[in-house]
Amino acid sequence: MTTTTSSTGKQQGRTVRLILVAFLALAAVAGLYLIAVTPPTPESIYPKCMFHKVTGLHCPGCGMGRATHFLLNGRPLTAIQYNAFVILVLPVVVVAAIRSLLGWALRAPTRDHRPIRAFWIWLLFAALLLFAIARNLPFEPFTRLAPQELPSATADAQP
């Protein structure tokens, strides 16, 4: 009788984890919808980069919200102009996150019990660091890696 109770408890745990993953997916879709329908302007809801405000340098994430907006609206070339790194790495991160969450929810054992090998994490960190340095170099072609400035919403309304 203990085996039946144990398998029922495992099934309930799996169901709860799957429901949590479903809610997380729903929240992600809602967030992406909000980003997609909110045009990026200096006055919009997009967070301002405190690192840029304090130092005047662009962090690796500067322009990420704007890039995501344009990518979700089918304008990948415009998205690259705001943050090329995010556009190139985002699919890899999303696939790894989905794989990890589903593995956790289903309790499916992975080969080595790690969703991502340490080598890939260090490689991502090194690429992120190099991108951060390169986008702040003051000469061509590196100046193209810095995010474009957005026109003001009031400037767009003027004839």
For this session: Kindly indicate the residue of segment 43-100 that is modelled with pLDDT under 85, loosely packed, with under 13 Cβ neighbours inside 10 Å and of a type in the set (D, E, K, R) and also farthest from Arg17 (Cα to Cα) among those meeting that condition.
Result: Glu43
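Does Arg107 count as touching a residue at least 40 places away in the same chain (Cβ under 8 Å) and loosely packed, with under 11 Cβ neighbours inside 10 Å?
On the way: touching a residue at least 40 places away in the same chain (Cβ under 8 Å): yes; loosely packed, with under 11 Cβ neighbours inside 10 Å: yes.
Judged against the criteria, Arg107 is a match.
Say whether the condition of being of a type in the set (S, T, N, Q) and more than 20 Å from Gly103 (Cβ to Cβ) is met by at least one residue in segment 44-66.
Keep residues of segment 44-66 that are of a type in the set (S, T, N, Q), which gives 44, 55.
Then keep just the ones that are more than 20 Å from Gly103 (Cβ to Cβ); that gives 44, 55.
Yes, because at least one residue in segment 44-66 is of a type in the set (S, T, N, Q) and more than 20 Å from Gly103 (Cβ to Cβ).
Does segment 16-34 include one or more residues that are out of contact with any strand residue (DSSP E or B) (no Cβ under 7 Å at 6 or more places or on another chain), outside any helix (DSSP H, G or I) and small (Gly, Ala, Ser)?
Step one: list which residues in segment 16-34 are out of contact with any strand residue (DSSP E or B) (no Cβ under 7 Å at 6 or more places or on another chain), which gives 16-34.
In the following step, the residues that additionally are outside any helix (DSSP H, G or I) were identified as none.
No, segment 16-34 contains no residue that is out of contact with any strand residue (DSSP E or B) (no Cβ under 7 Å at 6 or more places or on another chain), outside any helix (DSSP H, G or I) and small (Gly, Ala, Ser).
Would segment 127-140 turn up any residue that is part of a helix (DSSP H, G or I), among the aromatic types (Phe, Trp, Tyr) and loosely packed, with under 14 Cβ neighbours inside 10 Å?
Taking segment 127-140 and keeping what is part of a helix (DSSP H, G or I), we get 127-134.
If we keep only those that are among the aromatic types (Phe, Trp, Tyr) as well, we get 131.
Within this subset, residues satisfying the condition of being loosely packed, with under 14 Cβ neighbours inside 10 Å are none.
For segment 127-140, residues part of a helix (DSSP H, G or I), among the aromatic types (Phe, Trp, Tyr) and loosely packed, with under 14 Cβ neighbours inside 10 Å: absent.
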Exercise. Restricting attention to segment 149-157, does a residue exist that is surrounded by 12 or more Cβ atoms within 10 Å (Cβ to Cβ), more than 23 Å from the chain's Cα centre (by Cα) and either assigned to a helix (DSSP H, G or I) or at pLDDT below 90 (or both)?
Worked result: yes
For this session: Only residues in segment 28-56 that are over 26 Å from Val94 (Cα atoms) count as the first member; pair them with residues that are of a type in the set (D, E, K, R) and surrounded by 13 or more Cβ atoms within 10 Å (Cβ to Cβ), Cβ under 6 angstrom, at least 6 apart or cross-chain, and list the lot.
Result: none
For this session: Scan segment 7-25 residue by residue and report those that are free of Cβ contacts under 8 Å to residues at least 60 places away in the same chain and under 19 Å from Val93 (Cβ atoms).
Result: Ala25
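The values are calculated or read from the model by the stated rules, or taken from the named source; none is laboratory data. The shown structure was predicted, so the numbers you read here are calculated from the model rather than taken from an experiment. When we count neighbours, we look across all protein chains shown, and the Cβ atoms used for this are built from the backbone with ideal geometry, even at glycine.
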